[in-house]
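The values are calculated or read from the model by the stated rules, or taken from the named source; none is laboratory data. Everything numeric here is computed off the predicted structure, so don't read it as measured data. Methodologically, a virtual Cβ is constructed for each residue, glycine included, from the backbone with ideal geometry; neighbour enumeration extends over all protein chains shown. Ligands, DNA and RNA are excluded from the accessible area calculation, which covers all protein heavy atoms including side chains. Shrake-Rupley method; radii C 1.70, N 1.55, O 1.52, S 1.80 Å.
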Amino acid sequence: MKKYIKLNINSTEYELLVNDNETLAQLLRGPQLNLTGTKQGCELGDCGACTVLMDGKAVNSCLVLAMQANGHAITTIEGLASNGKMHPIQEAFINAGAVQCGYCTPGMILKAKSLLDVNPNPSRKEIREAFVGNLCRCTGYFKIINAVEIAAKGQANKEAGN
Amino acid sequence: MILPRFEFLEPATFEEALKIVEKNKGEAVMMAGGTDLLVNLKRKVIKASVVISLEKIDSLKQLNYSESAGLTMGSMVRVSELAETPIIKQKFPLLAIAASKLGSPQIRNRATVGGNVCTARPAGDTIGPLLAYGAEVQLVRGKESRWEPLAKFIVGPGKTTKKEGEILAAIKVKPCAADTGYSYIKYGIRKAMEIAMVSVTTNLTFDGKKCTSAAVVLGAVGPVFMRSGDAEATLCTKEITEALAEQAAEQAGAFCTPITDTRATAEYRCDLVKALTKRGILEAAGKHVKQSSSRKQEQK
């Protein structure tokens, strides 16, 4: 059975018709929204490629039903850039060379955002622990961790007015 | 991976949920966080024509603590909340530590304590600490409500005494004794996204230097979590020494009944139980010593 849900995606309100057995990942990537920046990897909650923010918290969108997103705010990778300018975390990933094949990158960047939102100055250990649910088969993680450090320092400098 | 077709229902109140569950008996499964259920539905391990989510029921998300009654939490309290709530960290540290080791942050943001308990896996992360604290669970069906010790609620891998139509509403943990030492060891090949090969939860209560009561809970070494009564009896009313810890660990090793599977052989698991129980007891006793000494410093 199909039902209408109302939700906020990347600061825009939507009313969408969704199936009972449709996941949030499928809804985001589907024809209604076409937000294909969210990637589907294992689809079982192990790889973290489909990570999005639900009310600011990182979740695997393959393990949330579209109907459960009713009334919630979702942030996908498409929602990070503003006025044509990339988010500092996105820039840091590029500058650190943390993107290789790119498949894990949207999930990594959103997980990084959820970490830096609550812990603006994480240690390397804290960064590594934050990423336990995000697999990357290219980079070996070092450059990803470097990127998060760069983004955190950038934020700190900005706040200090440098 | 496509989910099979089902009807998705989201009751807004507990009363409505009870009615819907009763009405859909035999066809429905209940969904808490869904981190396990959706995987099993995708893999077609579980089949259901109706999925009833408890997510919209606010009364199941309450978390209350008082010095007299202890901790009462609704079944829909998220695992991330267990790991982060200050009162749980302070009063029930084993629960907070174990919760912080479950799955990944993304999983913990969805998974719930009620889901973890009802899934009843022999390696379920929150179950060891809840058993060590002597938790009880509340099951409600229609107008009937019953409380059952968690140790009796879980009867086999994935099996509980939860009857058709019953909803796990709350989990209650009595207040902890003031002078305790604790240790939670989850042993696996990697630290992240891991299912325990063996877990050992130790909670010791002290009167001065003497251990007055002990909980030694072994996970993933039997069809259900096991409390090693022999090991606990060995520790009681004595001062914890390395020799005593070793004796209790030997008893725990002899008591457990693990199986050989892809993660480890039964023999290896028995050896792990011995090594980790000893380590857990000494760690718990060590924390107690530190606590006592820090308290003395405070008094000075």
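With the Kirkwood sum run over all distinct C-alpha pairs, region B:58-173 has a hydrodynamic radius of 14.0 Å.
Distance between the 7 Å Cα→Cβ label points at residue A:55 and residue B:145: 2.4 nm. On a per residue basis, region B:58-173 carries 37 Å² of accessible surface, using protein heavy atoms and a 1.4 Å probe. The protection proxy used here, the mean number of other Cβ atoms lying within 10 Å of each residue, ranks peptides B:92-102, B:171-181 as follows, highest first: B:92-102, B:171-181.
Remark: spin-label model distance residue B:213-residue B:159 equals 3.0 nm, labels positioned 7 Å along the Cα→Cβ axis.
Distance from the alpha carbon centroid of region B:1-45 to that of region A:55-123 works out to 29 angstrom.
For the peptide B:183-190, the mean number of other protein chain Cβ atoms found within 10 angstrom of a residue's Cβ is 0.
Using R0 = 41 Å, the C-beta based FRET efficiency linking residue B:289 and residue B:12 works out to 0.20. Taking every alpha-carbon pair under 8 Å whose residues sit at least 6 apart, chain A reaches a relative contact order of 23 percent.
Using the 1.4 Å probe convention, the accessible area of region A:2-79 works out to 36 Å² per residue with neighbouring protein chains retained. Looking at chain B, the pairs of alpha carbons with a distance over 36 Å make up 18% of the total. Highest mean packing comes first when the peptides B:156-163, B:123-130, A:78-85 are listed by Cβ atoms within 10 Å, giving B:123-130, B:156-163, A:78-85.
Considering only DSSP beta bridges with both partners in the protein assembly as shown, what is the antiparallel share in %, to the nearest 5?
The answer is about 85 percent antiparallel.
Under 19 Å of direct C-alpha separation, and excluding same-chain neighbours fewer than eight residues apart, residue B:172 reaches these lysines: B:61, B:89, B:91, B:152, B:162. Please name whichever of B:72, B:104, B:140 sits farthest to the positive end of the charge dipole of region B:58-173, dipole taken about the Cα centre and charges placed at Cβ: Lys and Arg +1, Asp and Glu -1. Value: B:104.
On region A:88-159, 54 percent of the accessible area sits on carbon and sulfur atoms, based on a 1.4 Å probe.
Working from the Cα coordinates of the protein assembly as shown, the gyration tensor eigenvalues give, after taking √(5λ), semi-axes of 38, 29, 20 Å in decreasing order. The share of Cα pairs per 10 Å bin across region B:130-195, counted from zero up to the longest distance, runs 17, 36, 31, 15, 1 percent. As a fraction of the 1.4 Å probe accessible area of chain B, surface on carbon and sulfur atoms comes out at 52 percent.
Over chain B, Cα pairs under 8 Å with separation of 6+ residues give a relative contact order of 14 percent.
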